[in-house]
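Student: Below is one structure. I have some questions about it.
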Amino acid sequence: MAHRYFMELAYNGTSFCGWQIQPNAPSVQALLEKWLTILLKQPIAVVGCGRTDTGVHAKYYVAHFECSMPITNTAALTAHLNKMPADGILVYHIFEVYGDAHARFSAISRSYEYHLLQQKDPFLSYAWVYTFPLDFEKMNAAAALLPEFTDFTSFSKLHSGAKTNNCTITTANWENMSANHWVFRISADRFLRNMVRAIVGTLLEVGRGKLTIDEFAAIIEKKDRGSAGTSAPPQGLFLSDIKYPDLISGFKFNKK
């Protein structure tokens, strides 16, 4: 019987084409499968909690894999993975799960954050520098409307193949970290491809006075990607959290 393991990790997406394996491009999934196959001496397939696009980062990401034999020392395996030659990936923790626990389908909530700088900062190279004056009070008022909607077609990548564009957003707001540093935080049960970046780009139109708060709501109601703003670039976006039920087939999930 195969043994299933959850793996908690983080990665800097700058040098990757995203999480998912792509032909002729480096991905986080491909590297982890390569390392685990070498270390465990058997072919290993890794399943992620979701895909991230090229250049997008993850402060906290969960994946799972199966092994034909039990791993006697997961801490040692974690240490070996972190010695593999790949900058930008860190494995926090590996632990066995039971039953049908699944990194993607068992997740009940996901959170993202988008980092924005109003002035260049050499110590925050991952954030997007956007120097136009912004009214963050209006941007937060518009963001507060997001939980009132469920269909986010206007913020979805066209022809993504998603069966539904419905999502349940629980929180969405801008937080001031310093004089020039702002972070947009958003949580939902699921996200569409490009959704967070499209929301950020459209909220910036509100912040610049190009859209009113009512017009922002109307864009969502139109269910038309062409009516929304340009997507913010990937370098400021982080997957920041994944939540699972407290009990997954008898195993208490232990978030790092």
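Student: With the contact rule set at Cα under 8 Å and sequence spacing of 6 or more, what percent relative contact order holds for the stretch 129-236?
Tutor: Across the stretch 129-236, relative contact order equals 34 percent.
Student: Counting only Cα, what are the radius of gyration and maximum Cα-Cα distance Dmax of the stretch 109-239, in Å?
Tutor: Considering the stretch 109-239 through its Cα atoms, Rg and Dmax are 13.8, 42 Å.
Student: For a quick check: with amide H placed at 1.01 Å from N, whose amide H comes under 5 Å from residue 55's, ignoring anything fewer than 5 positions away on the same chain?
Tutor: Residues meeting the amide H criterion: 16, 18.
Student: So what are the ³J(HN,Hα) numbers for the stretch 139-148, from phi and the Karplus equation (6.51, -1.76, 1.60; θ = phi - 60°), rounded to whole Hz, Gly and Pro as x?
Tutor: Rounded to whole hertz, the list is 4, 6, 5, 5, 4, 5, 7, 4, x, 7.
Student: Taking the number of other C-beta atoms within 10 Å as the exposure measure, put 126, 60, 5, 11 in order starting with the fewest.
Tutor: 126, 60, 5, 11
Student: Using a 7 Å offset from the Cα along the Cα-to-Cβ direction at both residue 210 and residue 68, what is the distance between the two label points in nm, to one decimal?
Tutor: Between residue 210 and residue 68, the label points sit 5.7 nm apart.
Student: Can you figure out the FRET efficiency of residue 170 with residue 105, using R₀ = 30 Å and their beta-carbon distance, to the nearest 0.05?
Tutor: 0.95
Student: Still on this structure, please answer the following. Quick one: compute the contact order of the stretch 3-106, relative version, from alpha carbon pairs under 8 angstrom and 6+ residues apart, as a percent.
Tutor: RCO, the stretch 3-106: 42 percent.
Student: So, one more: Which value at 222 nm does the chain reach when only helices count, each DSSP H run of 4 or more adding -39,500 (n - 2.57), with the total divided by all residues and rounded to the nearest 500 deg cm²/dmol?
Tutor: For the chain, the value works out to -6000 deg cm²/dmol.
Student: Sticking with this structure for a sec: Just how far, in whole angstrom, is the stretch 86-110 from the stretch 151-230 if you go by their alpha carbon centroids?
Tutor: Between the Cα centres of the stretch 151-230 and the stretch 86-110 lies a distance of 27 Å.
Student: Quick one: Karplus J couplings for the stretch 171-184, per residue in order, coefficients 6.51, -1.76, 1.60, θ = phi - 60°, nearest Hz, x for Gly and Pro?
Tutor: 9, 7, 6, 9, 10, 7, 9, 7, 4, 10, 10, 10, 10, 8
Student: Moving on to the next point. Relative contact order for the chain: what percent, with Cα pairs under 8 Å and sequence separation of 6 or more?
Tutor: Relative contact order comes out at 24 percent.
Since every read-out is calculated from the coordinates, none of them should be taken as a lab result. Since the structure is predicted, the reported quantities are computational estimates derived from the model, not experimental observations. Cβ atoms come from the backbone with ideal geometry, glycine included; neighbour counts cover every protein chain shown.
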